[in-house]
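**Student:** This is the structure I have questions about; it appears just below.
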Amino acid sequence: MAANPSKTSKPVFAPVRQDRNFEVVVQRVRDKLMDGELRPGDKLPPEREFAKQLNVSRNVVREALRILENAGLVRTRKGAHGGAFVAPGGTAQMTQVMGDLILLNAISLEDLFEARTLLLEMVLDKVGQLDHPPDLEPLANAVEETRAAVMAGDSARRVAAARDFYHQIAELSGNSALVFTTNAQTDLVQTFLRFRISDMEPEDLINSRVAFLEMLREGKFEDAKVELRQHLDRVHKSLWSKKS
């Protein structure tokens, strides 16, 4: 027979705090997303109706929506057709989390650079295993946009073209997790190196892009991995060393 707990023992559970009702509302929305009852683009009930359905105050609903928006799950719009809508997927939160880990010295920049290279090599391995030739037209367009940005001497355009280049590589895999992770890593690297992009020799950049694309067209995926790694090593090492 189990012993009766002492009346003076410390409580195991803390009282439920009524002022944390917004957390319950946040979880309710997450549950609806998990169950598929809410999908990207769906509009949440108006604030007054939302509060009535959940039997909470409008202030609680506002706080819950603020948290959901910060988490990237909800977007709010103003105007006659405004309101709170389920957001499409994005990489901003992934980038923010990894960026914070770097600021906290939990992840080094060297580890980030290496992980980025390994991830892109994994993408190319996946592409090489496809049972059909990859559609390289979007990637070729990204290469041409890079060439145009270089010729125009437009650094901001070069940054955008670089992001699209790596995005299009990831898209070749047909794996959305690889696409989102690649985009997040690219965004994070660019936050550190975007002001040094113009330091990269234009001719080296274009030659590398063109050679990489041609290797993919010829099905030389291992050669493409080598070319990409060498290029990324130059970018990561030379640009970061100049920054520091």
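**Student:** Tell me yes or no: at least one residue of the range 169-185 is in contact (Cβ under 8 Å) with a residue 60 or more places away in the chain, in contact with a Leu (Cβ under 8 Å, 6 or more places away or on another chain) and not in a helix (DSSP H, G or I).
**Tutor:** No, every residue in the range 169-185 fails to be in contact (Cβ under 8 Å) with a residue 60 or more places away in the chain, in contact with a Leu (Cβ under 8 Å, 6 or more places away or on another chain) and not in a helix (DSSP H, G or I).
**Student:** Here is a further query. Exactly one condition in (1) farther than 25 Å from residue 171 by Cα; (2) not assigned by TED's automatic domain parsing to the domain that holds residue 175 is not met by residue 102; state its number.
**Tutor:** (2)
**Student:** Here is a follow-up. Given the options 205, 188, 139, 119, name the one that is surrounded by 20 or more Cβ atoms within 10 Å (Cβ to Cβ), within 17 Å of the chain's Cα centre (by Cα) and not in a loop (DSSP other than H, G, I, E, B).
**Tutor:** Criteria check complete, one pass: 188.
**Student:** Do we have residue 54 as aliphatic (A, V, I, L, M), surrounded by 13 or more Cβ atoms within 10 Å (Cβ to Cβ) and under 30 Å from residue 95 (Cα atoms) here?
**Tutor:** So residue 54 does not fit the description; no.
**Student:** Take residue 111 and tell me if it is modelled with pLDDT of 90 or more, in the same structural domain as residue 187 (by TED's automatic domain parsing), farther than 24 Å from residue 213 by Cβ and not polar (S, T, N, Q).
**Tutor:** yes
**Student:** Being at pLDDT below 95 and of a type in the set (A, V, I, L, M), is that true of even one residue in the range 131-143?
**Tutor:** No, because not a single residue in the range 131-143 is at pLDDT below 95 and of a type in the set (A, V, I, L, M).
**Student:** Here is a further query. In the range 2-40, which residue that is in a loop (DSSP other than H, G, I, E, B) and under 18 Å from residue 64 (Cβ atoms) is modelled with the lowest pLDDT?
**Tutor:** Checked the range 2-40; the qualifying residue modelled with the lowest pLDDT is 16.
The values are calculated or read from the model by the stated rules, or taken from the named source; none is laboratory data. Keep in mind that this is a model prediction, so the values were computed, not measured. Methodologically, a virtual Cβ is constructed for each residue, glycine included, from the backbone with ideal geometry; neighbour enumeration extends over all protein chains shown.
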